[in-house]
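Here's the structure, in structure tokens; my notes come after.
The values are calculated or read from the model by the stated rules, or taken from the named source; none is laboratory data. Model, not experiment: these values are computed from the prediction. Methodologically, a virtual Cβ is constructed for each residue, glycine included, from the backbone with ideal geometry; neighbour enumeration extends over all protein chains shown. The area values use the complete protein model at the heavy-atom level, side chains included, leaving out ligands, DNA and RNA. Shrake-Rupley method; radii C 1.70, N 1.55, O 1.52, S 1.80 Å.
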Amino acid sequence: MGKMVKQKNGGFKIYILTAVLFACSMLSACGVQGKYEHKQYVYLDAFDTISYVDVYLADAEKSSEYEEEIHEELLRYHRMFDAYNSYEGVNNVYTVNSQAGKAPVKVDEELFELVKFSLDNMEKTKYRTNIVLGSVTRIWKNFMNTAAAKQQEAEKNGEEEPEITLPSQEELEREVEHTDWKKVTLDEEKRTIFLEDPDMILDVGAVAKGYTAEKLAGYIRRLGIESASINMGGNIKFVGERKAGDGRSYWVGSIQDPQTMQASNMAIRLEDGGTIVTSGNYERYVMVDGVRYCHLIDPDTLQPAQKMASVSIVAEDSGLADYLSTALFTVDVETGKEILSHYDGVEACWVTAGYETYATDGFEKLLVK
Ligand code: ADP
Ligand code: MG
């Protein structure tokens with residue numbers, strides 16, 4: 001593992017180059033693509049992010065059917081992992097939270113699996129991603145929303161920087177009492193989740209999008225779609241061989257610089273089933289007195305993590321990649337490498353808060369020169 005040559009712009013985040021997709025759709029419009037037609041589905045109503053599903057279809061007649069079916073499936077996961085709303089006929093994260101300290105809740109297979117997976121991986125990841133950190137993450141979410149609203153209001157009125165109050169350490173320390181993952185009881189037979197502590201809050205935000213991208217990939221395969229890419233807010237997953245008709249059968253994830261938010265000139269090569277997931281500090285954050293407060297919380301300090309600008313994980317499983325991207329975001333590169341030593345076939349690329357770039361050897365090998 002080595003330090004990578006620092007790019008002109010510092011660091012980067014992987015995402016699919018819209019320009020590449022645009023080029024493909026132009027080709028398809030001209031009918032040069034041979035037998036596969038490119039369609040892009042854009043979903044705006046799930047996971048508080050934009051989800052793109054790009055498919056290359058041998059039979060484009062079914063496209064609008066696929067678009068709807070994938071949407072329904074995406075929404076099914078969205079509802080399942082929603083911590084704020086309840087839905088008729090679904091026991092979701094909100095239901096589990098509202099029954100905290102009261103009763104076990106019978107949930108769908110996928111929610112049970114996600115929670116079990118997350119708890120099972122805690123020790124290996126030094127307890128960095130804690131899905132019952134909700135009482136603490138909620139304080140920071142409220143802070144971010146309030147601060148952002150105040151700042152926008154002040155800007156609109158041409159006023160000076162508004163006074164913003166940070167969450168008090170006392171409050172954070174009071175709330176961290178309700179984040180003990182040993183108080184989550186899972187009953188595999190009954191498929192129930194019980195939060196023993198009435199003030200505990202389940203928050204699966206650190207892993208839900210990657211998990212869903214992984215599941216959607218399986219669903220897309222079952223629909224009979226041979227070639228697709230999924231991008232859910234930085235969680236990217238590829239299905240099949242790339243069938244864009246331009247002679248390149250592998251997928252390329254292009255790379256975003258966390259400092260400038262521009263695409264850098266770096267990209268990695270991925271094959272069928274490949275995934276890359278990035279956690280970054282540049283999409284959701286507020287600046288207060290020159291300090292950046294992002295949405296990823298260091299469970300030791302209870303403060304927004306300050307060490308990284310972005311961490312990208314390549315793995316086979318997108319849920320694992322998402323889980324690890326959050327974990328590694330809260331620690332230094334050395335500790336991140338220790339965590340990775342427990343996993344096979346997982347690669348990482350770090351851009352530190354000072355915009356220095358590091359990567360595992362395996363990650364460097366994937367770079368498209
Ligand atoms: P993104 O949502 O940008 O893809 P992540 O996958 O890293 O980023 O997940 C961030 C979300 O995870 C936060 O919005 C919050 O709900 C939750 N979270 C933040 N810090 C932690 C943590 N240390 N452990 C578990 N969940 C966390
Ligand atoms: Mg994550």
Residue, modelled with the lowest pLDDT, within segment 246-285, restricted to residues that are buried (at least 18 other Cβ atoms within 10 Å of the Cβ) and among the small types (G, A, S): S264
Residue list for segment 323-369, restricted to those being under 28 Å from R292 (Cα atoms) and β-branched (V, I, T): T326, T330, V331, V333, T335, I339, V351, T352, T357, T360
First in segment 268-286 and without any contact (Cβ under 8 Å) to a residue 40 or more places away in the chain and farther than 27 Å from Q303 by Cβ, second anywhere and away from ligand 2 (no atom under 15 Å from the Cβ) and acidic (D, E), Cβ under 9 Å, 6 or more apart: E271/E241; D272/E241
Every residue from segment 84-99 that is more than 16 Å from L186 (Cβ to Cβ) and hydroxyl-bearing (S, T, Y): Y84, S86, Y87, Y94, S98
Looking only at segment 128-178, and only at residues there that are more than 16 Å from ligand 1 (Cβ to nearest atom), in a loop (DSSP other than H, G, I, E, B) and among the polar types (S, T, N, Q), the one that is nearest to S325 (Cα to Cα): S168
Candidate set from segment 74-89 (those that are surrounded by fewer than 17 Cβ atoms within 10 Å (Cβ to Cβ) and in contact (Cβ under 8 Å) with a residue 12 or more places away in the chain); member that is farthest from A208 (Cα to Cα): S86
Number of the exception - G234 against (1) of a type outside the set (D, E); (2) open to solvent by 10 Å² or more (accessible area, probe 1.4 Å); (3) near ligand 1 (Cβ under 10 Å from one of its atoms); (4) modelled with pLDDT under 95: (2)
Which numbered condition E214 fails, given (1) under 19 Å from S118 (Cα atoms); (2) over 23 Å from the mean Cα position of the chain (by Cα): (2)
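Give the residue, chosen from V311, V333, V368, that is under 22 Å from F238 (Cβ atoms) and away from ligand 1 (no atom under 16 Å from the Cβ).
Selected residue: V368, the only one of V311, V333, V368 that is under 22 Å from F238 (Cβ atoms) and away from ligand 1 (no atom under 16 Å from the Cβ).
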